[in-house]
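**Student:** Here's a structure for you.
All of the numbers you see were taken from the coordinates with simple rules; none came from a lab. Small disclaimer: the values here were computed from a predicted structure and weren't measured. Here the Cβ is made from the backbone with ideal geometry for all residues, glycine too, and neighbour counts use every protein chain on show.
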Amino acid sequence: MVALLGPRSVGKSTLLRSLAAAAGADIIDLDDPATRTAVADDPSLFVQGPRPVFIDEYQHVPDLLSAIKAELNRDGSSGQFVITGSTRHEALPEMAEALTGRLYRLPVYPFSQGEIEGHHENLLETLFRDPESAVTTTWSTTAREDYIRRIVSGGLPLAREQTGAARGRWFDNYVELTLERDVRALVNIRQREALPRLFGHLMAQTGQVLNVAKVGQAANLNPSTAEGYTKLLEAVYLVRRLPAWGTTLRARATARPKLHAVDPGLAAHMMGLSDTKLLSHNPTHREQFGHLLETFVVGEIFKQASWMDDIAAIGHWRTHDGVEVDVVVERRDGTVVAIEVKAGTVQNKHLSGLRTLRDALGDRFAAGVMLHLGKYPSRPNDRILTLPIDRLWS
């Protein structure tokens, strides 16, 4: 069985319809109340019949997985079921255990910049295979306002169809629907009014080291409740924690994760940041732009990693004395690509985190890259590159 998992309105149902049409099959749509009721009354009936079976938003009827398991016990051949879900599989324990070893989970993220442009991007793959080839004589022509437009637009297909106030209303409805339906389908929320408030404070922390207790205090929640609610927001793909990486290295790293919005456009909206504000010289807005830019890049890295077969871990690295790298991607063979994001002018001192990690890892270090808003790439140090951010998709 294959599970297509990701945020609401990311395109899972569209993808499922395409697959079902190619197979000449119908879709069991559990977002439809009548269908949901019928399936809940007799789950086994709906997983029998011709294969493959296509099920949309499977988490609405948990008993379906038990029925699917019974079918697979009788016939264990592959390719029998394709399901979609807007909730992380591991957030639903009774579901997660039902199909251990028989379920392949495939993340479906908001559009990558390459998908928006209409081509396949491969910078992450190139950095592992042949990092020197990423430095070319083609200069970037992407201006700061172009990056801001990409960030504010985000990657959710329906949001990208809107502009201005219409996009803002779409994001508001999106958050309300996700919090009201998907989060509360997972658990009974005691402090309902606090959940949107907590989400707003988390969005304001995108691209920063997460302090759940501090964010919870701002939302009038105790630390344990704030932690539980943050996990729920992760479970419905609104936020992601980027875990600390390299805690066993000699240069001891902190264990605290960073927080990132899954979609930078949603984060910008929740922070009240328009194109105009992000283009201004207001110091606060410029700092917020730096955090959003990092979140934007992290999202693109996750998307490129999702279509590579040998990625073991993605995290961030930060030592107790403040040396840091924004993103560290590790392959199963132990080799590492490290990525820093800089919204301002790149100076030699800004490469210190990459150099420190390179020296700590030795031959495991494939490449370190400083992604920046400038025009020109360079190779300032051994296995250290600087590249314009648009090299991610250009």
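**Student:** Kindly put HIS119, HIS260, HIS372, HIS201 in sequence by how many other C-beta atoms sit within 10 Å of each C-beta, fewest to most.
**Tutor:** HIS119, HIS201, HIS372, HIS260
**Student:** Quick one: work out the % antiparallel among DSSP beta bridges in the chain, nearest 5.
**Tutor:** That works out to approximately 40 percent antiparallel.
**Student:** Here's a follow-up. Is there a quick way to get the dipole size of the chain? I mean about its Cα centre, with the Cβ of Lys and Arg at +1 and of Asp and Glu at -1; what is the value in debye to the nearest 20?
**Tutor:** With only Lys, Arg, Asp and Glu charged at Cβ, the dipole is about 1160 debye.
**Student:** Taking amide H atoms as placed 1.01 Å from N in the peptide plane, list the residues 5 or more away in sequence, or in a different chain, whose amide H sits under 5 Å from that of VAL369.
**Tutor:** Amide H neighbours of VAL369: ALA338, ILE339, GLU340, LEU385.
**Student:** Springs between alpha-carbon pairs under 10 angstrom, Gaussian network model over the chain: which of VAL262, VAL329, VAL39 fluctuates most?
**Tutor:** VAL39
**Student:** In angstroms, what radius of gyration and Dmax does segment 97-253 have, counting Cα atoms only?
**Tutor:** Just the Cα atoms of segment 97-253 yield Rg and Dmax of 19.6, 58 Å.
**Student:** On a 0 to 90° scale, report how tilted helix 144-153 is relative to the longest principal axis of the chain, with both axes built from alpha carbons and the result rounded to the nearest 10.
**Tutor:** Compared with the principal axis, the helix lies near 20 degrees.
**Student:** Could you give each residue of segment 375-389 its phi-based ³J(HN,Hα) in whole Hz, using Karplus coefficients 6.51, -1.76, 1.60 with θ = phi - 60°, and x for Gly or Pro?
**Tutor:** Karplus-based 3J(HN,Hα) across segment 375-389 equals 8, 10, x, 7, 10, x, 9, 4, 6, 10, 10, 10, 9, x, 4 Hz.
**Student:** Choose one of VAL39, LEU351, LEU64: the residue whose Cα lies farthest towards the positive end of the charge dipole of the chain (beta-carbon charges +1 Lys, Arg; -1 Asp, Glu; about the Cα centre).
**Tutor:** LEU351
**Student:** If you don't mind, another one. Given C-alpha coordinates of segment 174-270, what is the ratio Rg to Rh with the Kirkwood estimate of Rh?
**Tutor:** 1.00
**Student:** Also, quick follow-up: Please turn the phi angles of segment 191-206 into ³J(HN,Hα) values with the Karplus equation 6.51 cos²θ - 1.76 cosθ + 1.60 (θ = phi - 60°), one per residue in order, whole Hz, x for glycine and proline.
**Tutor:** Karplus-based 3J(HN,Hα) across segment 191-206 equals 10, 4, 5, 7, 5, x, 5, 4, 4, x, 5, 5, 4, 5, 9, 4 Hz.
**Student:** Aspartates and glutamates near LYS214 by alpha-carbon distance under 14 Å, same-chain residues fewer than 8 away left out - which ones?
**Tutor:** Cross-link targets: GLU227.
**Student:** Past the 26 Å Cα-Cα mark, which pairs from LYS12/LYS69; LYS231/LYS303; LYS231/LYS277; LYS231/LYS342; LYS303/LYS375?
**Tutor:** Correct reply: LYS231/LYS277; LYS231/LYS342.
**Student:** What share of Cα pairs, in percent, lie more than 26 angstrom apart in the chain?
**Tutor:** 56 percent
**Student:** Right, next: Could you line up SER140, SER224, SER306 from fewest to most neighbouring Cβ atoms inside 10 Å?
**Tutor:** By the 10 Å Cβ count, ascending: SER224, SER306, SER140.
**Student:** As a test of the formula, what do you get for the chain when each DSSP H run with n ≥ 4 contributes -39,500 (n - 2.57) and the sum is divided by the residue count, at 222 nm and rounded to the nearest 500 deg cm²/dmol?
**Tutor:** -11500 deg cm²/dmol
**Student:** While we're on this one: Do you know the relative contact order of the chain, to the nearest whole percent, from alpha carbon pairs under 8 angstrom that are 6+ apart?
**Tutor:** 16 percent
**Student:** Return the sequence-ordered ³J(HN,Hα) values of segment 72-89 in whole Hz as given by the Karplus equation 6.51 cos²θ - 1.76 cosθ + 1.60 applied to θ = phi - 60°, using x for Gly and Pro.
**Tutor:** Once θ is set to phi - 60°, the couplings for segment 72-89 become 6, 5, 7, 9, x, 5, 7, x, 8, 9, 10, 10, 10, x, 9, 10, 4, 4 Hz.
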